[in-house]
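A short write-up of the structure that comes next.
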Amino acid sequence: MEKRLRDIAEEARRSLDSVSSLAELDEIRVRFLGKKGELTRVLRKMGMVPAEERPRIGQLANEVRDVIEKSLAGRIEAVKERVKEERLRQEGIDVTLPGLPVTRGRKHPITLVTEEIAGFFLGLGYSIAEGPEIELDYYNFEALNIPKDHPARDMQDTFFIEPEILLRTHTSPVQVRAMEKATPALPVKIIAPGRVYRRDDDATHSPMFHQVEGLVVDRHIALSDLKGTLDLFARKMFGIGIHTRFRPSYFPFTEPSLEVDISCVMCGGDGCRVCSSTGWLEILGSGMVHPRVLEMSGYNSEEVTGFAFGLGVERIAMLKYGIDDMRLLFENDLRFLQQF
Ligand code: DAH
């Protein structure tokens, strides 16, 4: 039996020396170590070995199995390595070949316009403030002087999540958050670009759209500051020859409130289809911050004043680029987007 074991070890060694494929190696594994393999067959006959010999023979059998297993593993590694090298040699990749060109992406018109607006105000020393799109009723309405039963709520058809939680209908709540954060420090001088949501959907309204809010609070801020700033802004966005017109309006959070128009970018003010023959295009809402809003956010309205404005980015983009349907901005049609 001892001889048989040594023979098996020798046979396995010789067989292993001459193989060159993984399949052959597997055959050898089955032949020597498998359930019906040579080694197993010998071990089945252990019963015939005299009891005092058994430990020694048993140990020898274990050693033979270990040796075969180890050499098998070694051979498998070697064969795999050889196969890999062979494949690499055959593939012959030329790493000096030039790569395939990837066409460069571009910015969405909404991003372009937002960046241009932000660039203008950053240049005037404003910083950028942010607020959540899922907002509290308090910030979106209450703190902007729009109580629960106020009819001005009808102007902004709102997606409510819970009675006190909603998708913000405008970026104005960021005014309140910015003032709460800054008070009592002065000045507050921020813009807040971001997404807003209303239950609206047609060629000029989308349930999600973008606004940029602006807010300046300091001592001695006057209506003339508002007019100078927004007039300069309009000319920066639409060209030096553009005229502005300030119309009285109403917003609960400003007093007085103004709507800002620019002379029509299509006809220059003569009157056309785009401006409904008026020669003017409305571009934003603005006003002097209502004293009650200042007080609710922690400022003394006897000491400080402020102006604010809010504009729709889609509207500015449409006027600037002559886009006649807002839905184009959200359909992600490359033929459209690649024009910017
Ligand atoms: N939040 C207003 C809206 O979405 C726009 C607006 C008007 C913002 C006047 C202002 C403002 O900051 O002063 O309709």
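The values are calculated or read from the model by the stated rules, or taken from the named source; none is laboratory data. Everything numeric here is computed off the predicted structure, so don't read it as measured data. All Cβ positions, even for glycine, are placed from backbone atoms using ideal geometry, and neighbour counts span all protein chains on display. Just the protein is used for accessible areas: all its heavy atoms, side chains included, with ligands, DNA and RNA removed. Shrake-Rupley method; radii C 1.70, N 1.55, O 1.52, S 1.80 Å.
Table for the structure above
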| quantity | calculated |
| --- | --- |
| Of residues in the range 281-296 being touching a residue at least 24 places away in the same chain (Cβ under 8 Å) and away from the ligand (no atom under 13 Å from the Cβ), the one least open to solvent (accessible area, probe 1.4 Å) | L281 |
| Evaluation of S257 against (1) more than 16 Å from the ligand (Cβ to nearest atom); (2) over 21 Å from L112 (Cβ atoms) (one fails), failing number | (1) |
| Those residues of the range 232-251 which are within 16 Å of the ligand (Cβ to nearest atom), open to solvent by less than 40 Å² (accessible area, probe 1.4 Å) and either of a type outside the set (A, V, I, L, M) or in a strand (DSSP E or B) (or both), in sequence order | F233, T244, F251 |
| Considering residues of the range 214-231 that are under 35 Å from the mean Cα position of the chain (by Cα) and not in a strand (DSSP E or B) only, the residue farthest from the ligand (Cβ to nearest atom) | D231 |
| Tally of residues being among the hydrophobic types (A, V, I, L, M, F, W, C) and open to solvent by less than 20 Å² (accessible area, probe 1.4 Å) across the range 252-268 | 4 |
| First in the range 29-53 and farther than 16 Å from A9 by Cα, second anywhere and small (G, A, S), Cβ under 9 Å, 6 or more apart | M46/G58; M46/A61; V49/G58 |
| The range 165-180, subset free of Cβ contacts under 8 Å to residues at least 40 places away in the same chain and out of contact with any Leu (no Cβ under 7 Å at 6 or more places or on another chain), residue most open to solvent (accessible area, probe 1.4 Å) | L167 |
| Test set (1) farther than 23 Å from A118 by Cα; (2) in a strand (DSSP E or B); (3) not basic (K, R) - H210 fails condition number | (1) |
| Of the criteria (1) closer than 20 Å to M179 by Cβ; (2) in contact with a Leu (Cβ under 9 Å, 6 or more places away or on another chain); (3) more than 16 Å from the ligand (Cβ to nearest atom), which one L319 fails | (1) |
